[in-house]
Structures are given as structure tokens and as C-alpha cells.
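Presented below is the structure to which this report refers.
The values are calculated or read from the model by the stated rules, or taken from the named source; none is laboratory data. Quick caveat, the model's predicted, so the values are computed rather than measured. All Cβ positions, glycine included, derive from the backbone under ideal geometry; neighbour counts span all protein chains shown. Side chains are part of the model used for accessible areas, which takes the heavy atoms of the whole protein and leaves out ligands, DNA and RNA. Shrake-Rupley method; radii C 1.70, N 1.55, O 1.52, S 1.80 Å.
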Amino acid sequence: MTRIAVQALLLMGVYLLVLTSAKPADAAMGLALGLVLALALRPRLPAGRSATPSLAGLIALVPVLALTAVDMVRGSWGTVRFCLWGTGEPGFVEVPRGDRSRYAVALWGVLTGEAPDEVPVDVDEERDVLIVHLVDASDPDAVRERHRRAYERAQRRVVG
């Protein structure tokens, strides 16, 4: 119950920041909305499962975050080159989905979207491919290999 109260207070704070208000009526409305959201979004796990990630899961997340940071730096540089000098060939690349679960595909989409030169566009379940738009899609095989390596090296350990 303490967790829900803390979440409700945090959501109320966000609500008040968005409104740029500190009026008591606004605070009351924010608290009411925060409580509704905190209760509605609380995890509903089967008996015996915990919402707290294991230590092994947190450790497995470190390489994922490191590789994502590297991709963000590399993508930022690629975007700068494209904007200033017009280098690159924008386009779509289809990355084979392979044995990724739906959770792995969701993680792929979030991590891929962090780099400014790549945008996840679609998951084509009929053809079993993930579609991404890049600022420089001149070497689609290298893009596919980079995504495959990122999944095999780090993402698989996080989502399985």
C-alpha cells in the first residue's frame, strides 16, 4: 500500500508540474488521478512471482545499456554527418525476427529507437521481419548483422 501511495504522490507531482499550479483543488485532483492510475497500473503477477527483478537480471541489463549508449553515440554522429554533409542513403532495412519473443521485440523497438539515426517502423509478422528506417541504409547486411549481434550478445539474456 505504501508503494501505491508513493506512486500516487509522484503522479500528482507530475500533474501539478504540467499544470504549473499549486492550488489545493489542483493538488486534490492530481492525487485522485494519481491514486486511480497507481491502482490501475499495479502489477498483477501470478502467485509466487515477484515484480522485483533478480540480481542476475539487473547484471544482464548492464551490457544492454552499454551497447545502447554506444549505438546512441554512433547514431548521433551519423545524424550529424547526414545533416551537415548529406552523407548516407536513407531507407528501410528488414531485420529477421529470428527466435525473438514478443518481449524481445518490444525491447528491440525501445533500444533501437534510442539512437537518433534509426527508427523502428513495423513488425511484419507475416514475413517474420522487423522493419527499421535508417539515415544510412547503404549496407543493409551490416545493419542486420549489428542487430543480430546485439540480440545474441546482450538482449537475449534480459528477455530470453
Next on the checklist: Please determine whether any residue of region 38-56 is part of a helix (DSSP H, G or I), under 29 Å from Ala154 (Cβ atoms) and not charged (D, E, K, R).
Outcome noted: yes
Checklist entry - Does Thr87 meet the test of being in contact with a Lys or Arg (Cβ under 7 Å, 6 or more places away or on another chain) and not small (Gly, Ala, Ser)? => result yes
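Take the conditions hydroxyl-bearing (Ser, Thr, Tyr), within 25 Å of the chain's Cα centre (by Cα), more than 21 Å from Ala137 (Cβ to Cβ) and open to solvent by 80 Å² or more (accessible area, probe 1.4 Å) and apply them to Tyr103. Does it pass? Walk me through it before giving the result.
Numbers: hydroxyl-bearing (Ser, Thr, Tyr): yes; within 25 Å of the chain's Cα centre (by Cα): yes; more than 21 Å from Ala137 (Cβ to Cβ): yes; open to solvent by 80 Å² or more (accessible area, probe 1.4 Å): yes.
Criteria met by Tyr103.
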Checklist entry - Would you call Val36 at pLDDT 90 or above, among the β-branched types (Val, Ile, Thr) and under 30 Å from Leu111 (Cβ atoms)? => result no
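For (1) among the hydroxyl-bearing types (Ser, Thr, Tyr); (2) open to solvent by less than 60 Å² (accessible area, probe 1.4 Å); (3) closer than 21 Å to Val119 by Cβ, each residue gets a yes or a no:
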position	(1), (2), (3)
Ile4	no, yes, no
Leu11	no, no, no
Gly57	no, yes, no
Ala66	no, yes, no
Thr79	yes, yes, yes
Checklist entry - Where residues in region 118-134 are of a type outside the set (A, V, I, L, M) and farther than 13 Å from Val105 by Cα, which of them is surrounded by the most Cβ atoms within 10 Å (Cβ to Cβ)? => result Glu118
Checklist entry - Out of all the residues in region 94-125, which are among the aromatic types (Phe, Trp, Tyr) and closer than 19 Å to Asp71 by Cα? => result Trp108
Checklist entry - For the subset of region 90-105 comprising residues that are in contact (Cβ under 8 Å) with a residue 40 or more places away in the chain and in a helix (DSSP H, G or I), which member is nearest to Thr79 (Cα to Cα)? => result Ala104
Checklist entry - Give me the pairs: first residue in region 135-160 and over 17 Å from Ala104 (Cβ atoms) and aliphatic (A, V, I, L, M), second residue in a helix (DSSP H, G or I) and open to solvent by 70 Å² or more (accessible area, probe 1.4 Å), beta-carbon distance under 7 Å, and six or more apart or on different chains, which are they? => result Val135/Phe82
